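The values are calculated or read from the model by the stated rules, or taken from the named source; none is laboratory data. This one's a predicted model, so the numbers in the text were calculated from it and none came from an experiment. Ideal geometry is used to build each Cβ from the backbone, glycine not excepted, and the neighbour counts take in all protein chains shown. Surface areas here come from the heavy atoms of the whole protein model, side chains and all, with no ligands, DNA or RNA. Shrake-Rupley method; radii C 1.70, N 1.55, O 1.52, S 1.80 Å.
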Amino acid sequence: MAVRNAGQYSTSNGAGTGAAHAELVGRLLDAAAVGERDQVLDIGCGAGGSSRIAARRAPQGWVLGIDPSGPKLRKARSAAADAGIGNLTFEQVDVQTHPFPEGRFDAAISHCGVMFFADPVAAFANVGRALRPGGRLAFVCPQPAQECEWYVVPIAALLGIEARPQQVVSACPGQAPALFSLSDPVRIRQVLGGAGFTDVTIEALHVPRDAGRTAAEAAEAFLSAGPARDLVERHPTLTRHVARARLTTALQPYAGDGAVLLPDAQWLVSARWNGDMIPR
Ligand SMILES: C[S@@+](CC[C@H](N)C(=O)[O-])C[C@H]1O[C@@H](n2cnc3c(N)ncnc32)[C@H](O)[C@@H]1O
């Protein structure tokens, strides 16, 4: 596989916080039309990278980042404090069921935090009720696994097979099904329509994934979260030491200019909350 689009994103400063990530979040905020006074909900905010960018976009507004993970939120709070961002708070909640005040937010955004719901229609309806009527939802989620080189390359390396997308997906059929649960645009429209959203748009993006500064750092990042970590944890014989070595070798061709950039394919989805048909 070839490395695409790498040169324009060469200013990485580490996993998930480099120029590629900032570009993707910028596109996300544009899709949600986040303005300087907006009240914004960031769903599945993780360590808060997208929340911080959103807070800077809405200096007279306010951003609430939510995530069920306590450790991630500790990082998020600490990074926001270090950056001196005052209009940003975080809460440890499950967006599927949390009783948000109705109509509290102008916009809801998510960078890859909406694929993990047990009942996606109910979860998105809960998000909708937190939006004012006509409020905007925008999220980024992965296209099918075989389109995502950031997925195919590490999984192939760990399995010791060639990085052919279809072969990797067939060799790992149960791998990370939740991660790709919204990879079909027909399904996205069904879920959002069922939850009470209208004006759904879905745009294909190909912003590379910034995995770290070096191949070794990127290997560590893949081992600490996501499908590669899950595979190693479930694998009966693969040790962390061997996994780290395989990943580092496989990621080396993608390193350059202080960043490891893996080609990626995302959907950028936007929709509007139709407050007239609030599902209960
Ligand atoms: C792939 S990570 C993305 C994190 C972050 N948005 C980013 O881009 O770095 C997915 C996040 O969604 C969160 N998440 C999963 N289920 C959730 C739920 N029901 N409510 C809120 N967040 C959830 C996870 O804890 C995780 O932090």
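The H on the amide N of VAL63, modeled in the peptide plane, is under 5 Å from the matching H of VAL40, LEU88, THR89, each at least 5 residues off or on a different chain.
When all protein chains stay in place and ligands, DNA and RNA are ignored, the 1.4 Å accessible-area order of ASP38, ASP230, largest first, is ASP230, ASP38.
Exposure check, 1.4 Å probe, all protein chains in place: VAL95 carries approximately 10 Å² of accessible surface.
Could you pull out which residues in the stretch 246-264 have an amide N less than 14 Å from a spot 7 Å beyond the Cα of ILE161, following the Cα-Cβ vector? From the stretch 246-264, the list is empty. In terms of the Cα gyration tensor, with a ≥ b ≥ c the square roots of its eigenvalues, is the stretch 135-195 rounded because a/c is under 1.5, prolate because a/b exceeds b/c, or oblate? Cα axes put the stretch 135-195 in the prolate bin. Between amide H atoms placed 1.01 Å from N, distances below 5 Å from ALA108 occur with LEU41, ARG136, LEU137, ALA138, all of them 5 or more places distant or on a separate chain. Sorted largest first by accessible area at a 1.4 angstrom probe radius, with every protein chain in place, the residues ASP94, ASP106 fall in the order ASP94, ASP106. Per-residue 3J(HN,Hα) values for the stretch 185-200, derived from phi via the Karplus relation 6.51 cos²θ - 1.76 cosθ + 1.60 with θ = phi - 60°, read x, 4, 5, 4, 5, 4, 5, 5, x, x, 7, x, 9, 10, 6, 6 Hz in sequence order (x marks Gly and Pro).
To the nearest 10, the accessible area of LEU28 is 0 Å² with a 1.4 Å probe. Against the criterion of solvent-accessible heavy-atom surface with a 1.4 angstrom probe, ILE43, ILE202 sort, most first, into ILE202, ILE43.
Taking all protein chains as shown and a probe of 1.4 angstrom, SER50 keeps an accessible surface of around 10 Å².
Axis of helix 70-82 versus longest Cα principal axis of the chain: the two differ by about 80°, to the nearest ten degrees. For ALA171 and ALA225, a Förster radius of 22 Å and the Cβ-Cβ distance give a FRET efficiency of 0.55, rounded to the nearest 0.05. Taking amide H as placed 1.01 Å from N in the peptide plane, GLN266 has its amide H under 5 Å from the amide H of GLN143, LEU205, HIS206, VAL207, each at least 5 places away in sequence or on another chain. How much net charge surrounds GLY26 when only the other residues with a Cβ under 13 Å from the Cβ of GLY26 are counted, with Lys and Arg +1 and Asp and Glu -1? It works out to a net charge of +2. Helix 149-159 axis versus longest C-alpha principal axis of the chain: approximately 40°, rounded to the nearest ten. Using equal-weight Cα scatterers in the Debye expression, the normalised intensity of the stretch 221-280 in log10 at q = 0.18, 0.19 Å⁻¹ is -0.77, -0.82. Split the accessible area of the chain by element, probe 1.4 Å, and carbon with sulfur accounts for 52%. Entry comment: accessible area of the stretch 7-274 is 41 Å² per residue, from protein heavy atoms only and a probe of 1.4 Å. Looking at the stretch 7-274 alone, DSSP beta bridges between its own residues are antiparallel in about 50 percent of cases.
Based only on the alpha carbon positions, what is the Kirkwood hydrodynamic radius of the stretch 7-274, in angstrom? The Cα-based Kirkwood calculation yields 18.9 Å.
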